[in-house]
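Beneath this line is the structure, given in structure tokens, with notes to follow.
What follows draws every value from the coordinates through simple rules; no lab data is involved. Since we're looking at a predicted model, the values are computed, not measured. Cβ coordinates were reconstructed from backbone atoms using ideal geometry, including for glycine residues, and neighbour counts include every protein chain displayed.
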Amino acid sequence: MTDSLPHQAGLPDRPGRPAEDRRHMIRRRTLTLIIIVLLIGVPAGYLVISANQSRDSGRDKEAKYAATGLTQGWPSKLQRRIYEVPVPIPSEEVAYYETNNWKTSRLYVQFETTAAGLDAFLAGVGVGRDDLKRDKIAISDRDQRVTGWDLGGPGPWWGLVHEQKKPAPTRDIVVDMNDPDYPMVYVVSRTVP
């Protein structure tokens, strides 16, 4: 005994699709090509641009951290804040160098400013001109060798060591007053991490 399965009705008869004309086919293929380009080409383009920007950024950072002496330009705002070195405006001949190790981090900064700029810098550090001592070269020979500074010239030199309670940085400051209207300032700010 074989039971017969119910018989399904076939699809209703549809009239056949008309053949696609050539203009419609070209339009459809063009639209398909545009969609493929947008879905694949645009993200691929962004990927290439992003890779180039990333590589350029890496080169910039590599150059910055491979520096072995003073770099012309201003230290970043973050560096100036961490090391508490308020470079005044206006300042010329600004250069800096940062060293870090497990024991001590140092920021070396030099700049030429005006007499008012020097007063603003000293006030920002928390000292005044009266705290500067004549012929005091507060920056060590070691730190002078690191930066290439020669602080033994004719001067007159004024300097001080501004020590603070840790973790605030200690700053060694030397001012070349050869031209009192445009003093040259040298700072070594060191902090213990």
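Roughly how many Å is it from the Cα centre of the stretch 88-109 to that of the stretch 159-187, as a whole number?
Using only Cα atoms, the two centres lie 12 Å from each other.
For LEU78 paired with LEU39, estimate the spin-label separation in nm (one decimal), with each label point 7 Å from Cα along the Cα-to-Cβ line.
4.1
May I ask you to work out the translational diffusion coefficient for the stretch 77-169 at 10 °C, viscosity 1.306 mPa s, via Stokes-Einstein with Rh from the Kirkwood sum over Cα pairs, reported in whole µm²/s?
Rounded, D is 110 µm²/s.
For the stretch 84-193, with the dipole built from +1 on Lys and Arg beta-carbon atoms and -1 on Asp and Glu ones, taken about the Cα centre, which of GLY124, VAL192, MET177 lies farthest toward the positive end?
Ranked along the dipole, the leading option is VAL192.
Tally Lys and Arg at +1 and Asp and Glu at -1 over the other residues with C-beta under 12 Å from the C-beta of ILE137: what net charge comes out?
With Lys, Arg at +1 and Asp, Glu at -1, the net is -3.
Could you give the size of the charge dipole of the stretch 77-136 about its Cα centre, using +1 on the Cβ of each K and R and -1 on the Cβ of each D and E, expressed in debye and rounded to the nearest 20?
300
If you look at just the Cα atoms of the stretch 128-193, how large are its Rg and its Dmax in Å?
For the stretch 128-193, the Cα radius of gyration and maximum Cα-Cα distance read 12.2, 37 Å.
In the stretch 60-160, which chymotrypsin sites (Phe, Trp or Tyr not before Pro) are in a loop and have at most 13 other Cβ atoms within 10 Å, using DSSP for the loop call?
TRP102
Tell me, in nm to one decimal, what length is gained between ASN178 and ASP119 on full extension, where the rule is 0.36 nm per residue of separation less the Cα-Cα distance?
Extra length available between ASN178 and ASP119 comes to 19.6 nm.
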